[in-house]
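Here the structure is laid out as C-alpha cells; the discussion comes afterwards.
Laboratory data are not the source of any read-out in this text; all were calculated from the coordinates shown. None of the values given here were measured: they were computed from a predicted structure. No Cβ is skipped: glycine too gets one built from the backbone with ideal geometry, and neighbour counts run over all protein chains shown.
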Amino acid sequence: DQTTARAAGQILAWYEAMGVDAAVQDEPVDWLQRGAKAPGADFAPTTRQSPAAPSTPPAAGRAPSPAPSPGPRAPRRLTGTPAPAAGDDARATAEKAKSLADLGTALSQYEGCGLKATAKNLCFYRGAEQARLMIVGEAPGRDEDLQGLPFVGRAGQLLDRMLAAIGLDRTSVYIINTLPWRPPGNRTPTPAEHAVCMPFVERHVELVNPEMLVLLGGVSAKQMLRTDTGIMRLRGKWASVRAGDKEFPALPTLHPAYLLRQPAQKRLAWRDLLSLKAKLEG
Ligand code: URA
C-alpha cells in the first residue's frame, strides 16, 4: 500500500545517503541475526583465494546466493573456477594480449577478481590511444561503474578542469585506473584485488606506450611505484614506472576526489600540473 511504498522509499533514500548504493547479493542478510560475526565476513571477495574455498559455483546470476545459515564456515568463492595464486594467471593472461583490443577482451573474460561479481561494468579506459600522457587513477566509483568509463563523475569533472588549465583535454590523454571494476560501496581495494589487477595495468601501460604517466592519488602511486611512501611525500617528484621491459617517467600528484574535499590543496596540485606541462613541452 501507499504507506509501505513511502516507507520503503524512505529507507532506500537513507541507504543511499549512507553510501549504500549497490546490491552485492540477490537476497538481504540480516546481520543482527548473525551474532558476533562482522558484516562482510560471509561475503568477502578478499577471502576468495583461500584453498579451503568450496569449488561449487553459486547459483546463476552475478551475485552469490544468500548465506544459508549463521555460524562459522569456509569462505565462499564467487566463481566456480579453481583459485589461482594471486596474480599468476593474471600476468600470463595479460601478457598474451598483443593489442589494446586483446587486452579489453582478456579483461572482460577474466574471472580471477571478485570485484567483477559486484561491478555493473568493466571500466577499461577512456581517452585517445595515441596520447602522449597516460593517467592512472585508483578505482571506478559509482558513476564510472554505471557508464563503464573511468573518471566521468565529479572527480572526473575536476580532472577535466585540471587538464584544461594546462591546455590538455580528453583527446590528448589516456585514462585508466589501478582496478577496472568498482569496489562495492567504494571500499578500499584489498591487496589481493590489486595483485590480480596490476598485471593488466602494467600490460596496459606497455601497449599504450605513452611518453609519461600521471599517478592520481596515494593508491595509484603506491601500486604503480611499488612503494609504501605516502602521496604527500611522493607528489610533485618525477619517478619511474616499470612496465614490461620499459621504464616510464611518472609524476605522482593529488587525487581530484581529495581536492574536492580539501580545496586548499589545489595549490600543490597546480605546482604538479606546471611540472607536467614543462615536461610535455620538453
Ligand atoms: N576516482 C578514481 O580513482 N577513478 C575513477 O575512475 C573515478 C574516481
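Worth a mention:
- If both residues of a DSSP beta bridge must be in the range 175-282, then about 55% of such bridges are antiparallel.
- As a calculated quantity, the FRET efficiency between Gln262 and Ser99 at R0 = 35 Å, using C-beta atoms, amounts to about 0.30.
- When both the range 1-20 and the range 122-188 are represented by their alpha-carbon centers, they are found 31 Å apart.
- The range 94-138: trypsin sites (Lys or Arg not before Pro) in DSSP coil with no more than 12 other Cβ atoms inside 10 Å: Lys98
- About the centre of its Cα atoms, the range 124-282 shows a dipole size close to 600 debye [charges on the beta carbon of Lys, Arg (+1) and Asp, Glu (-1) only; nearest 20 debye].
- Among the GluC sites (Glu not before Pro) in the range 162-211, those located in a DSSP loop and surrounded by at most 15 other Cβ atoms within 10 Å of their own Cβ are Glu211.
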